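**Q** So that we are looking at the same thing, I have put the structure below in structure tokens.
Every number here is computed from the coordinates shown, using simple stated rules; none is lab data. Keep in mind that this is a model prediction, so the values were computed, not measured. With ideal geometry, Cβ positions are generated from the backbone for all residues, glycine too; neighbour counts draw on all protein chains shown.
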Amino acid sequence: MSAPDIFDRRLRRLRRDRAAPGFADHEFVRAAMLDGIAERLSSVRREFRDVLDLGCADAGFVAPSGAKVARADPGFRYAATAGGVQADEDRLPFADAAFDLAVAAGSLDTVNDLPGALTVIRRALRPDGLFLGGFLGAGSLATLRAVMREAEGDRPAARFHPQIDVRSAGDLLVRAGFALPVADVETLTVRYASLVRLFTDLRGMAATNLLPTPAPLSRATLTRAAAAFEARADADGRVAERFEIVTLTGWAPSPDQPTPARRGSATASLADALKPRR
């Protein structure tokens, strides 16, 4: 028996379709992820011929010059606009070893089977193929979480999906079979004039609650949350919210890659190296 889905797949598709027409007005978080991916890619001195762009949204990822790009997104509108296919990241229709570069910006944090998705991505890469991904990790939306807890008191509803911290993200890369795995995190801070403006951005970037059977948000709860949000305003009348961007780097295994030295194979003593010189 398979485990139940964490996220509502149908709702995920609908939310992405709803966000698609106005996404350009709310894409700053994904744009930051793509900047991080582009920065890491710029340091790699090799040619990429076949590229897979997952969670492609508005096809904002700019592939290396001359590369062929296959795009996929869980949302029909995003996939159609980008000329790609509609597919969940843990159920990809691509052949093994079809790409030498795969990127995924902004959608991995709402994949039902993230370990499985990373394994599928690794299999879609040729030996020594590169994977670069970015998603919202643990610590994101700390202010919103706090004001909702305050507004709902002792019996808060499940309004936030589980988040992955940077250490767990690195472990998932290893579990999926990637070589030379690296996971790091960067904080993006955005200042909001109101809770409504924050909600508008979250809807516009398809980052709202995707848990099955979400609890309705009453007007009274929303009013208390808005008041708690405003109470945190600085001298300029704005409230800081955090978006923690986790970036993943991993390589499909290849015999040509460097490997760690065998344990105990060192020829010099660390203790001797740390001794003060006379």
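**Q** Where does the chain land at 222 nm, in deg cm²/dmol rounded to the nearest 500, when only DSSP H runs of n ≥ 4 count, each adding -39500 (n - 2.57), divided by all residues?
**A** -10000 deg cm²/dmol
**Q** Hand me the trypsin sites (Lys or Arg not before Pro) from the stretch 46-79 located in a DSSP loop with no more than 11 other Cβ atoms within 10 Å, in residue order please.
**A** Arg46
**Q** Label Thr208 and Asp35 with points 7 Å out from Cα along Cα→Cβ: what is the distance between them in nm?
**A** 2.7
**Q** How large is the dipole of the chain about the Cα centre if only Lys and Arg carry +1 and Asp and Glu carry -1, each at its Cβ, rounded to the nearest 20 debye?
**A** It works out to roughly 340 debye.
**Q** Any chance you could run the full-extension gain for Ala157 through Ala80? It's 0.36 nm times the residue separation minus the Cα-Cα distance, nm to one decimal.
**A** Length gained, Ala157 through Ala80: 24.2 nm.
**Q** Could you please rank Ile121, Ile245, placing first whichever residue has the fewest other Cβ atoms within 10 Å of its Cβ?
**A** Arranged by neighbour count, lowest to highest, Ile121, Ile245 become Ile245, Ile121.
**Q** Return the percentage of antiparallel bridges among DSSP beta bridges fully within the chain, rounded to the nearest 5 %.
**A** Bridges in the chain are about 55 percent antiparallel.
**Q** Next question. In bins 5 Å wide, starting from 0, what share of all Cα pairs of the chain does each bin hold, as a percent?
**A** 1, 5, 11, 15, 17, 15, 11, 8, 6, 4, 3, 2, 1, 0, 0
**Q** If you don't mind, there's one more thing I want to ask. In what sequence do Leu54, Leu180, Leu130 fall when counting other Cβ within 10 Å, fewest first?
**A** The fewest-first ordering by Cβ neighbours comes to Leu180, Leu130, Leu54.
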